[in-house]
Ligand code: MN
Ligand code: MN
């Protein structure tokens with residue numbers, strides 16, 4: 001190869017690099033420390049409520065105070081609002097006025113799971129079970145025969161709220177959903193993957209030991225209800241006003257002989273939520289523009305509801321911030337930028353046919369930017385304008401953050417959405433960006449440590465940008 005050819009190639013063609021060929025040894029040490037903290041955040045926040053609680057704990061430890069309406073806010077002030085215990089909004093007030101806009105990172109802290117039905121408890125063939133209703137896009141066959149834990153709350157009629165945790169403590173029993181044995185699976189094997197495990201068979205096994213005498217009925221169910229009454233003081237009707245979620249009873253761990261990856265439940269989207277949060281908490285100086293971090297609930301079911309990104313809770317928070325400076329909310333939003341921080345699909349060589357290799361996100365290549373998501377010809381996507389994409393390219397390049405441009409799979413292979421459209425609809429320039437994930441939405445997802453760290457560094461750069 002002639003020197004001239006090499007030179008011209010370097011000058012004209014894009015040359016993305018594996019992050020390990022780019023990062024310094026010091027950066028790699030920083031990555032390990034960051035990922036250790038991230039794993040602890042995952043283990044502490046397996047549901048949106050637990051994750052919101054852990055977020056508030058970390059924010060307060062970093063000096064954030066709960067925002068009280070009417071509070072005077074000055075540059076350098078750091079406040080947060082927790083929306084109904086399930087979503088968190090934080091702000092670090094910048095030097096410039098809010099009429100000049102804010103720098104937003106919006107991620108979500110809900111994840112696919114199995115919720116209990118309102119009337120969950122029943123007995124069948126002298127075994128007790130909970131009925132579930134899945135939340136978000138799951139592949140149902142992945143949720144059988146794995147250890148599960150039950151987390152959430154029961155709100156009693158008297159207004160008291162009881163936290164529930166079964167299976168999280170190492171001494172606790174676990175729950176499980178059974179599956180058919182291969183010996184009797186002949187007919188099931190012929191069914192399409194999506195139909196082989198019907199949703200109504202996703203029932204959690206709770207026990208088998210009866211109470212009372214031989215001639216009594218419903219003895220196992222009553223025995224389970226008695227245990228729950230002893231532990232939580234509840235009766236069967238209290239399930240009606242409860243939010244109980246079955247999630248994998250597995251903690252985050254390193255994956256691979258080289259420990260370069262992390263396996264865990266809920267990377268989507270706590271990997272971006274943690275990056276957005278931690279980058280905000282770690283801002284050493286008051287940013288030029290106000291930095292806002294939104295950790296929303298309900299993304300996996302469409303972002304509706306009071307704690308979802310479509311809720312007016314966000315507008316109310318922003319309006320309160322604006323009111324403290326006499327700024328107009330609409331002017332502020334018009335001048336703002338939002339990074340919709342959500343995961344993207346990592347190229348998986350075992351399923352290469354669903355990706356378009358020239359526009360796929362690769363493990364260890366950094367933050368995956370997505371100009372648009374959606375399905376069937378970008379339907380449902382906010383489709384960021386070229387100028388907004390250029391703006392983010394500049395921010396990340398100036399900060400030396402590794403990034404790649406990606407689409408979520410081949411055109412018409414499927415598709416997906418994020419909170420981006422709901423931010424863009426508010427007249428906020430918005431771009432999707434996130435960590436590439438292997439086995440997204442599975443009970444145990446995989447990400448690369450390097451990409452987690454680049455996401456964090458990218459979020460810091462976005463908060464500091466103007
Ligand atoms: Mn997501
Ligand atoms: Mn998702």
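Just so you know, all these numbers are worked out from the coordinates, no wet-lab data involved. The structure displayed is predicted, hence computed values, not measured ones. Cβ sites come from the backbone with ideal geometry, for glycine too, and all protein chains shown count toward neighbours.
Return the inverse of the average 1/r over all pairs of distinct C-alpha atoms in the chain, which is the Kirkwood hydrodynamic radius, in Å to one decimal.
23.6 Å
Could you tell me the extents of the range 210-259's C-alpha atoms along the three principal axes, largest first, rounded to whole Å?
Dimensions of the range 210-259 along the principal axes of its Cα atoms: 59, 29, 16 Å.
State the antiparallel share, in %, of DSSP beta bridges confined to the chain, rounding to the nearest 5.
Taking every DSSP beta bridge with both residues in the chain, the antiparallel ones total about 70 percent.
What Kirkwood radius, in Å to one decimal, follows from the Cα pairs of the range 241-308?
It is 15.1 Å.
Give the peptides 431-444, 388-401 in descending order of average Cβ contacts within 10 Å, highest first.
Order by mean packing, descending: 431-444, 388-401.
Which of the peptides 406-417, 163-174 is most tightly packed, and how do the rest follow, going by the mean number of other Cβ atoms within 10 Å of each residue?
Ranking the peptides 406-417, 163-174 by packing returns 406-417, 163-174.
In square nanometres and to one decimal, what's the mean projected area of the convex hull around the Cα atoms of the range 137-201?
For the range 137-201, averaging the hull's shadow over all directions gives 6.7 nm².
Taking just the alpha carbons, could you work out the radius of gyration and Dmax for the range 355-461, both in angstroms?
13.6, 37
Let me understand the range 270-415 better: what is its radius of gyration from the alpha carbons, and its Dmax, in angstrom?
17.1, 56
Could you work out how far the C-alpha centroid of the range 59-98 sits from that of the range 331-347, in angstrom?
Here the answer is 20 Å between Cα centres.
From the Cα trace of the range 113-248, what convex hull volume per residue do you get, rounded to a whole Å³?
125 Å³
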